[in-house]
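Data block below; observations after.
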């Protein structure tokens with residue numbers, strides 16, 4: 001009888017212990033089948049990002065991501081390929097020898113994602129057809145990329161400023177239009193537009209084919225003396241809007257005259273009243289006359305800086321590659337389902 005009571009007591013205590021343990025586990029992790037538990041698990045997982053090739057062969061520090069994102073480990077040691085969740089390949093190096101740069105001789109872990117990274121427009125990406133069928137994600141300036149890494153963006157201020165617009169305009173302007181260009185290729189559309197524009201109004205040109213290269217430390221101060229800056233892209237493709245707008249124009253304090261994708265494309269990423277689009281005019285001659293008249297109308301010219309009251313300009317330097325790759329870290333929990341780009345070339349040539 002005593003043995004029977006002892007067994008019942010032991011069984012009761014064991015049941016209580018199991019209930020306590022299960023309750024503790026649920027309290028810490030949540031219901032394993034609930035969405036919240038799945039989300040916690042995804043957020044807490046540490047992901048390894050392997051940079052397969054240094055962009056343009058220039059190494060840089062990878063420590064920034066670890067400091068900003070605890071769920072992210074970034075490495076450049078190829079020996080860690082078997083444990084990497086993501087492997088990032090910069091296209092410039094791939095374009096030189098295509099699949100020879102890919103680790104096709106290694107056993108690729110199941111569901112390891114290969115990320116195709118580029119800062120260039122399709123004109124300079126080379127032939128992408130040999131890369132079809134290998135990549136799972138794209139990381140580019142295009143808004144439809146899996147990881148969107150633009151050259152810049154407007155970030156709303158916490159409080160709208162009431163400052164006079166004149167405070168946002170450099171005071172030392174003594175040139176109507178300036179243009180800094182390193183590649184004065186006569187085949188580019190921007191070159192043809194410039195050749196016509198300079199017959200209507202004076203254009204100060206720096207760089208190759210102009211007054212010579214401007215030291216980096218003098219770039220913005222030179223542009224600040226100009227009313228307008230020719231933010232002309234070297235090629236016209238969807239979303240291809242570079243530092244010519246985000247840095248040279250906006251940071252330099254000159255109103256950008258843009259040549260690139262459509263006005264609608266620019267308006268999707270920046271303030272519609274902060275720039276002048278070449279396509280707004282029937283002829284380049286009309287554009288030249290407009291710029292000359294606008295510079296003389298101080299109040300109307302100042303209106304192009306009204307965005308400064310509401311936004312800060314945030315620019316991403318493509319030379320700061322680590323900050324680009326860090327964009328992967330906060331998106332782990334919202335990444336698209338695993339997929340393969342069977343036609344990588346077609347997805348970019350738009």
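Once the C-beta distance of residue 174 and residue 216 is scaled by a Förster radius of 25 Å, the resulting FRET efficiency is 0.70 to the nearest 0.05.
Subtracting the Cα-Cα distance of residue 335 and residue 60 from their residue separation scaled by 0.36 nm leaves 96.4 nm. Average 1/r across all pairs of distinct alpha carbons in region 45-112, invert it, and you get the Kirkwood radius: 12.9 Å. Projected label points at residue 163 and residue 79, each 7 Å from Cα along the beta carbon direction, are separated by 5.2 nanometres.
Here the alpha carbons of region 153-315 define both size measures, Rg and Dmax, at 15.0, 46 Å.
Rg and Dmax of region 86-184, based on Cα coordinates, read 20.9, 62 Å. Can you work out the PRE-style zone for residue 46? Point 7 Å along Cα to Cβ, and I want the residues of region 69-107 with backbone N under 16 Å. Residues 69-77, 80-81, 83-86 qualify, since their backbone N sits under 16 Å from the label point.
Distance between the 7 Å Cα→Cβ label points at residue 143 and residue 286: 2.6 nm.
The alpha carbon centroids of region 86-125 and region 148-218 are separated by 33 Å. Debye-formula intensities of region 191-232, expressed as log10 I(q)/I(0) at q = 0.33, 0.35 Å⁻¹, are -1.31, -1.32 (one equal scatterer per alpha-carbon, no solvent).
The numbers here are math on the coordinates, done by the rules we state, and not lab data. The structure displayed is predicted, hence computed values, not measured ones. Every residue, glycine among them, receives a Cβ derived from its backbone with ideal geometry; neighbour counts consider all protein chains shown.
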